[in-house]
1. Taking just the alpha carbons, could you work out the radius of gyration and Dmax for the chain, both in angstroms?
2. Among I19, P57, P47, whose Cα sits farthest toward the positive end of the charge dipole of the chain (+1 at Cβ of Lys/Arg, -1 at Cβ of Asp/Glu, about the Cα centre)?
3. Hey, any idea what % of segment 7-71's accessible area is carbon plus sulfur with a 1.4 Å probe?
4. Any idea of the accessible area per residue across the chain, 1.4 Å probe, to the nearest Å²?
5. Ordered by packing density, taken as the mean number of other Cβ atoms within 10 Å over each peptide's residues, highest first, how do 23-34, 47-58 rank?
6. In square angstrom, rounded to the nearest 10, how much accessible surface does C59 have for a 1.4 Å probe?
Amino acid sequence: MRHAMRAEYRNEDGDADEIVSWHMVRRGDEGRGMCGRELRPDARGLPESEWGRTAEPFCHTCGALYLREVA
């Protein structure tokens, strides 16, 4: 796998762990979504096979870039 999913949280200070969206990251650069969004170092991760299977929305830009790389 060359990609993984990482969570974006409502409160980036760590006070609340409510996931607001998911981003796709490239292996080796897990702290930054493919869209450029900086993610918390301790953000929850999922394998790329979970794309489209989460209750929370997925970043549209990350999804488009991901599809271009894997299709």
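1. Rg and Dmax of the chain, Cα atoms, are 11.2, 38 Å.
2. P47
3. Percent of accessible area from carbon and sulfur atoms in segment 7-71: 46.
4. Details: 4420 Å² over 71 residues.
With the other protein chains kept in place, the chain gives 62 Å² per residue.
5. Descending packing order for the listed peptides: 23-34, 47-58.
6. So the heavy atoms of C59 present about 20 Å² to solvent.
The values are calculated or read from the model by the stated rules, or taken from the named source; none is laboratory data. For clarity, every value in this text was computed on a predicted model and none was experimentally measured. For neighbour counting, all protein chains shown are included, and Cβ atoms are generated from backbone atoms with ideal geometry for every residue, glycine included. Please note that ligands, DNA and RNA were not included when accessible areas were found on the heavy atoms of the full protein model with its side chains. Shrake-Rupley method; radii C 1.70, N 1.55, O 1.52, S 1.80 Å.
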